[in-house]
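The values are calculated or read from the model by the stated rules, or taken from the named source; none is laboratory data. Small disclaimer: the values here were computed from a predicted structure and weren't measured. Glycine also receives a Cβ, built like all others from the backbone with ideal geometry; neighbour counts cover every protein chain displayed.
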Amino acid sequence: MVEPTDCKIPLLLFAKAPIAGRVKTRLHSHCSAQQAAKIAEILLHASLAKVCQHWPGEVYLSTWIDFDHPFLLKMCQNFGVTLIRQCDGDLGDKMHHAFERHGYPMAVMGADAPHVAANDLIELHELLRNGGSGIGPSLDGGYYILGLSRPASFLFKDMPWGGDQVLKSCQTAAVSNNFELDELGALQDIDEWNDVLAALPILPQLEQYLLDQRLV
């Protein structure tokens with residue numbers, strides 16, 4: 001029987017600095033680069049608020065592009081979280097480095113899922129406390145959160161990052177290495193314009209911004 005670990009398990013919220021032209025570029029067919037960056041800010045703020053409220057452990061904001069971006073510094077001050085810098089490389093490199101640097105158990109989550117269920121955050125934390133690991137599938141074929149209680153470097157190597165086979169490839173690698181990876185509730189990451197529109201009923205700040213900008 002695995003003894004429960006300390007409850008101060010960290011969650012790293014992964015995000016890019018909200019720089020126009022560098023974030024949410026898939027939205028540019030329906031809005032300007034500046035508007036897309038503002039949408040990224042709203043999603044990051046909502047994601048940070050959700051995890052700070054419902055994740056039972058410690059929360060960090062893990063970023064890249066511009067580590068000293070004023071919005072990121074403001075978010076850290078407002079929510080009382082620590083800002084940390086991501087390493088260079090692809091997403092797999094960044095996540096693997098984060099786990100190796102901060103230790104196990106730990107979780108990483110993308111900032112495009114502010115609608116993650118509170119129960120899923122609590123469930124993953126409890127799973128990690130008891131020596132398990134878990135993943136939150138996104139409907140586009142990726143995943144929005146990953147929690148590991150022990151090293152699993154095979155989950156980060158040779159993955160088709162950015163495609164619709166990431167989750168499947170990750171699950172296959174886990175099975176091949178006899179690594180149990182429990183599934184949390186699935187959701188749709190907010191990446192495309194239709195995802196933005198679908199999220200409006202549960203993100204009033206986002207809805208108000210789109211109305212103010214006459215984007216809906």
Exercise. Is it true that some residue in the stretch 86-97 is within 14 Å of the chain's Cα centre (by Cα), hydrophobic (A, V, I, L, M, F, W, C) and in a helix (DSSP H, G or I)?
Worked result: yes
Exercise. Only one of LEU139, LEU184 is crowded, with 16+ Cβ neighbours inside 10 Å and under 16 Å from the mean Cα position of the chain (by Cα); which?
Worked result: LEU184
Exercise. Only one residue in LEU13, LEU43 is crowded, with 17+ Cβ neighbours inside 10 Å, within 24 Å of ASP120 (Cβ to Cβ), touching an Asp or Glu at 6+ places or on another chain (Cβ under 7 Å) and touching a residue at least 24 places away in the same chain (Cβ under 8 Å). Which one?
Worked result: LEU43
Seminar exercise, completed: Pairing a residue in the stretch 119-135 that is more than 16 Å from GLU180 (Cα to Cα) with any residue that is among the aliphatic types (A, V, I, L, M) and surrounded by 19 or more Cβ atoms within 10 Å (Cβ to Cβ), where Cβ atoms lie under 6 Å and the two sit 6 or more apart in sequence or on different chains, gives ASP120/LEU184
Exercise. What is the number of the single condition among (1) surrounded by 15 or more Cβ atoms within 10 Å (Cβ to Cβ); (2) at pLDDT 95 or above that GLN34 does not meet?
Worked result: (1)
Exercise. Quick one: in the stretch 196-209, which of the residues that are touching a residue at least 40 places away in the same chain (Cβ under 8 Å) and not in a loop (DSSP other than H, G, I, E, B) is nearest to ALA117 (Cα to Cα)?
Worked result: ILE202
